[in-house]
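This report refers to the structure that appears directly beneath it.
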Amino acid sequence: MRSTERRVYRKTKRSEDEARTAARIVDAAETLHGTLGPSRTTIAAIAATAGVTRATVYRHFPDEETLFLACSGQWLARQRLPDPEVWSRHADPVLRLRAGLTDLYRYYRDGHQMLAHIHRDAEVVPTRLVERRRAAEEQWLACLLQPWPGRAGKILRAATAHAASFTTWQSLCLAQGLSNRAAVDLMVTMVAGQAGSAGRTSTTAAGSIGP
């Protein structure tokens, strides 16, 4: 093997080794975030789990936020994320709500361990990730509210946001032991009932206006 080829080979192998090391570090961070939670995960624990030194972790990820972003990106890439475009195929507001909550609750159950730790340790989650999550939640809510006649009032919006939240699923399905389907049925009944109540209230109020 000529010297030029040897240099190229060594450079390629070094690059591949570095990529594998970085991947082990991200895997270790993801595992610890999902089992201990971000606030209880230290660089020392990540290094030990990945089988590297702390210096190696910092060589690949100069600060904890950079590593957190890489970990989050990898975890999200492995999930089947909620898809509002599929929900929006339903023009009927109740059917759309059912489709959306079914999709959301499936996502919550699939990723509940990581999501629970992220919600619990929200104070250490990088601002960029918090903003991305909030933007996604707003997109989900906007899609669920869009088909209601006259758009949603404050109470209907609050009811829908409550039904779509992870903590609601956590309470109904983990704390109370409901199946996803039973929890969806309950929340659809609640939101649709509120929508019907708001409609009746508006009609009554309009009918009461006189000269």
* Somewhere in the stretch 147-155, is a residue aromatic (Phe, Trp, Tyr), in a helix (DSSP H, G or I) and surrounded by 13 or more Cβ atoms within 10 Å (Cβ to Cβ)? -> no
* What number of residues within the stretch 159-181 satisfy the criterion of being more than 22 Å from Glu85 (Cα to Cα), open to solvent by 40 Å² or more (accessible area, probe 1.4 Å) and part of a helix (DSSP H, G or I)? -> 5
* Asked: Within the stretch 187-204, can one find any residue that is among the polar types (S, T, N, Q), modelled with pLDDT of 95 or more and either part of a helix (DSSP H, G or I) or farther than 17 Å from Pro93 by Cα (or both)?
  -> yes
* Cross-chain or 6+ apart pairs with Cβ under 9 Å, the stretch 100-117 first and hydroxyl-bearing (Ser, Thr, Tyr), then not in a helix (DSSP H, G or I) -> Tyr107/Gln79; Tyr107/Arg80; Tyr107/Leu81; Tyr107/Pro82
* To do: Could you tell me whether Val130 is surrounded by 13 or more Cβ atoms within 10 Å (Cβ to Cβ), in contact with a His (Cβ under 9 Å, 6 or more places away or on another chain) and hydrophobic (A, V, I, L, M, F, W, C)?
  => no
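The values are calculated or read from the model by the stated rules, or taken from the named source; none is laboratory data. Just so it is clear, the model here is predicted, and its values are computed rather than measured. Methodologically, a virtual Cβ is constructed for each residue, glycine included, from the backbone with ideal geometry; neighbour enumeration extends over all protein chains shown. Only protein heavy atoms, including side chains, enter the accessible area calculation; ligands, DNA and RNA are left aside. Shrake-Rupley method; radii C 1.70, N 1.55, O 1.52, S 1.80 Å.
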